[in-house]
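The structure under discussion appears below in the form of structure tokens.
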Amino acid sequence: MPAQPKETLEKILSLLDFPATVEEHKLDGDILLDVKIEDSGRLIGRQGQTLADLQYITNRILFQQDATSPKVVVDVGGYRSQAREALVKKAKEAADKVRRWGEPVELEPMGSFDRRIIHHTFKDDPDVETHSVEVDGTDKKVLLLRPRH
């Protein structure tokens, strides 16, 4: 049975007692599930951690149902799209430094979702390559932007 992202997230939110509606959209080969809810702050959490956890759980359930299921991005009130724009802007500024000085630049530790955005941003860049490096004692990694040889 094919995975049903919208219905799966609606069920999770219902079980967590979050009255919300979910809209499903296509996003770069992934699926964007945009949650409409009155108290968005509770669902986003501190620095988006609750939202990231919700996205992780949703993807795990969908993958268990269908291993070929596309990746799901969960957003609430445009939080992810604003955070994505800010992240890409910061990474592009770091890439400008790499181009100017020819030295690697290390970004702050981040989760896999954010690293994936940056890797995707620079995948076709002829001057800058990205590389994830583990941070000791955490599950996060820093992203290194360095000159492409």
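Any idea how many residues of the stretch 10-40 are more than 20 Å from Gly111 (Cα to Cα) and either touching a His at 6+ places or on another chain (Cβ under 7 Å) or assigned to a helix (DSSP H, G or I) (or both)?
So the answer is 8.
If you check Gln64, Gln49, Gln55, which single one turns out to be surrounded by 18 or more Cβ atoms within 10 Å (Cβ to Cβ), among the polar types (S, T, N, Q), part of a helix (DSSP H, G or I) and at negative phi?
Just a single option satisfies the conditions, and that option is Gln55.
Please state which one of Pro104, Pro109 is open to solvent by 60 Å² or more (accessible area, probe 1.4 Å), touching a residue at least 40 places away in the same chain (Cβ under 8 Å) and farther than 19 Å from Val22 by Cβ.
On inspection, the qualifying residue turns out to be Pro104.
Pairs only if they're at least six apart or on different chains, beta carbon under 7 angstrom, first in the stretch 120-149 and among the acidic types (Asp, Glu), second assigned to a loop (DSSP other than H, G, I, E, B); list them, first residue then second.
Note: pairs meeting the criteria are Asp127/Arg148; Glu129/Arg148.
Limited to the stretch 112-131, what total is found for residues that are crowded, with 17+ Cβ neighbours inside 10 Å and assigned to a strand (DSSP E or B)?
Here the count works out to 3.
Would you say Arg84 is open to solvent by less than 70 Å² (accessible area, probe 1.4 Å), among the basic types (Lys, Arg) and under 24 Å from Asp30 (Cα atoms)?
In short, no.
Which one is surrounded by the most Cβ atoms within 10 Å (Cβ to Cβ), of the residues in the stretch 70-81 that are outside any loop (DSSP other than H, G, I, E, B) and touching a residue at least 40 places away in the same chain (Cβ under 8 Å)?
Val74
The values are calculated or read from the model by the stated rules, or taken from the named source; none is laboratory data. The model shown is predicted, which means the values in this text are computed figures rather than measured ones. When we count neighbours, we look across all protein chains shown, and the Cβ atoms used for this are built from the backbone with ideal geometry, even at glycine. Heavy atoms of the whole protein, side chains included, go into the accessibility calculation; ligands, DNA and RNA do not. Shrake-Rupley method; radii C 1.70, N 1.55, O 1.52, S 1.80 Å.
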